Amino acid sequence: MMIDPAADATFAYALERVADHFMFGIYFDLSRYLIAAGALTLFLVVFRGWAEARRIQRGRRATRTDYVRELLSSMRTVVVYAFVTLAILVGRETGIILLKLENATLFTLLWQFALIVIAHDAWFYWAHRAMHHKRMFRATHLHHHKSRTPTPWTAYSFTATEAVIEVAFVPVFLLITSQLGIAYAGFAILFFIWHQMIRNVMAHAGSELFPAGWVDNPWTDWISTTTHHDLHHSSGHNYGFYFTFWDRWMGTEHPRYKEEFRKHAKPFITRGPQPEDATETA
């Protein structure tokens, strides 16, 4: 049987595109994980006193075993992400996903970034709650909760199943918006995935990174803090990611969230010992 040279060339081209996309996916996702988690870890080490004053779980610390488990499972997550995002390449090549790589206006970038963040927060909340169901928890989310005292490296510590659920949002979102006639700007996606990673490592920092008064200001109270997610790891509740409103609407916010935040949060810059620190050293 003769092989059509044109078909053979098309197959070779497709295989090359898939291989290139897969390797770039691993390189890019691993890079942003290492950069974000590494930068925050370095910050917490260099400014150890600042971080310790804001430490959320005083009586418990992550062990070397925790760090090794988080790093190894994060490498698996990176590979899973690279496989799943091949759907974006296939969708774009076949025309069912509209993704524009050329320049877009600032207004377009802003509203597309805002839309995808809001949509992702809803996806995360409901997927997260579903994974906490007793029939799903062990197979999907238990591994992540082995990090009872989270670190920046916990951000990607998932089972393969949870990794698929997490990363599936982007191709599903792009497919839906494309069917609605919305061509997403490449830079809007780029800003989103960096924002997602930065907020992810911040949520697992172990020390409260947001300043005192955050939960008492109506302009900032709807944005989740490190304490918000840390309470999820230590005692449940708080299934949201970027925002607090889903937990409040659904009645799943930790009843002592604001009280716990106020315990750990400090102004960004403090002058001399705080009243509670002076009491501890008296």
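The values are calculated or read from the model by the stated rules, or taken from the named source; none is laboratory data. Values in this document were obtained by computation on a predicted structure and should not be read as measured data. Cβ atoms come from the backbone with ideal geometry, glycine included; neighbour counts cover every protein chain shown. The area values use the complete protein model at the heavy-atom level, side chains included, leaving out ligands, DNA and RNA. Shrake-Rupley method; radii C 1.70, N 1.55, O 1.52, S 1.80 Å.
Could you look through the stretch 171-200, keep only residues that are of a type in the set (Phe, Trp, Tyr) and either closer than 18 Å to Ile35 by Cα or under 17 Å from the mean Cα position of the chain (by Cα) (or both), and pick out the one that is least open to solvent (accessible area, probe 1.4 Å)?
Of everything passing the filter in the stretch 171-200, Phe192 is least open to solvent (accessible area, probe 1.4 Å).
From the list Leu109, Leu98, exactly one residue is closer than 23 Å to Ile223 by Cβ and surrounded by 15 or more Cβ atoms within 10 Å (Cβ to Cβ). Which is it?
Residue meeting the stated conditions: Leu109.
Of everything in the stretch 228-254, what is open to solvent by 50 Å² or more (accessible area, probe 1.4 Å), modelled with pLDDT under 95 and out of contact with any Ser or Thr (no Cβ under 7 Å at 6 or more places or on another chain)? Give them in sequence order.
Ser235
Against the condition over 22 Å from the mean Cα position of the chain (by Cα) and free of Cβ contacts under 8 Å to residues at least 12 places away in the same chain, how does Thr108 come out, does it pass?
Taking the combined requirement at face value, the residue does not satisfy it.
The rows are residues; the columns are (1) in contact (Cβ under 8 Å) with a residue 40 or more places away in the chain; (2) under 16 Å from the mean Cα position of the chain (by Cα).
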{"position": "Leu99", "(1), (2)": "yes, no"}
{"position": "Gln112", "(1), (2)": "yes, no"}
{"position": "Phe124", "(1), (2)": "yes, yes"}
{"position": "His128", "(1), (2)": "yes, yes"}
{"position": "Arg135", "(1), (2)": "no, no"}
{"position": "Ala163", "(1), (2)": "yes, yes"}
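Tell me the residue from Arg69, Arg61, Arg55 that is loosely packed, with under 13 Cβ neighbours inside 10 Å, of a type outside the set (Ser, Thr, Tyr) and in contact with a Ser or Thr (Cβ under 9 Å, 6 or more places away or on another chain), please.
Working: Arg69 fails: loosely packed, with under 13 Cβ neighbours inside 10 Å; Arg55 fails: loosely packed, with under 13 Cβ neighbours inside 10 Å.
On inspection, the qualifying residue turns out to be Arg61.
Any idea how many residues of the stretch 255-282 are modelled with pLDDT under 95, hydroxyl-bearing (Ser, Thr, Tyr) and closer than 18 Å to Glu208 by Cβ?
So the answer is 1.
Exactly one of (1) of a type in the set (Gly, Ala, Ser); (2) surrounded by 13 or more Cβ atoms within 10 Å (Cβ to Cβ); (3) out of contact with any helix residue (DSSP H, G or I) (no Cβ under 6 Å at 6 or more places or on another chain) is unmet by Ser31. Its number?
Failed condition: (2).
Can you name every residue in the stretch 226-245 that is in contact with an Asp or Glu (Cβ under 7 Å, 6 or more places away or on another chain), within 14 Å of Asp121 (Cα to Cα) and touching a residue at least 60 places away in the same chain (Cβ under 8 Å)?
Tyr239, Gly240, Phe241, Tyr242, Phe243
Kindly list, by first and then second residue, each pair from a residue in the stretch 32-52 that is part of a helix (DSSP H, G or I) to a residue that is open to solvent by less than 80 Å² (accessible area, probe 1.4 Å) and among the small types (Gly, Ala, Ser), limited to pairs with Cβ atoms under 7 Å and residues at least 6 apart or on different chains.
Tyr33/Ser74; Tyr33/Ala155; Ala37/Ala155; Leu40/Ala205; Leu44/Ala51; Leu44/Ala205; Leu44/Ser207; Ala51/Ser207
Looking at this structure, is Tyr33 modelled with pLDDT of 90 or more, within 17 Å of Val201 (Cβ to Cβ) and either polar (S, T, N, Q) or within 18 Å of the chain's Cα centre (by Cα) (or both)? Lay out the reasoning, then the answer.
On the way: modelled with pLDDT of 90 or more: yes; within 17 Å of Val201 (Cβ to Cβ): yes; either polar (S, T, N, Q) or within 18 Å of the chain's Cα centre (by Cα) (or both): yes.
Yes: the conditions hold for Tyr33.
So which residues in the stretch 143-164 are surrounded by fewer than 21 Cβ atoms within 10 Å (Cβ to Cβ) and over 16 Å from Thr65 (Cα atoms), if there are any at all?
Selection gives Thr159, Ala160, Thr161, Val164.
Tell me which residues, restricted to the stretch 201-227, are open to solvent by less than 10 Å² (accessible area, probe 1.4 Å) and of a type in the set (S, T, N, Q).
Ser207, Ser224, Thr225, Thr226, Thr227, listed by residue number.
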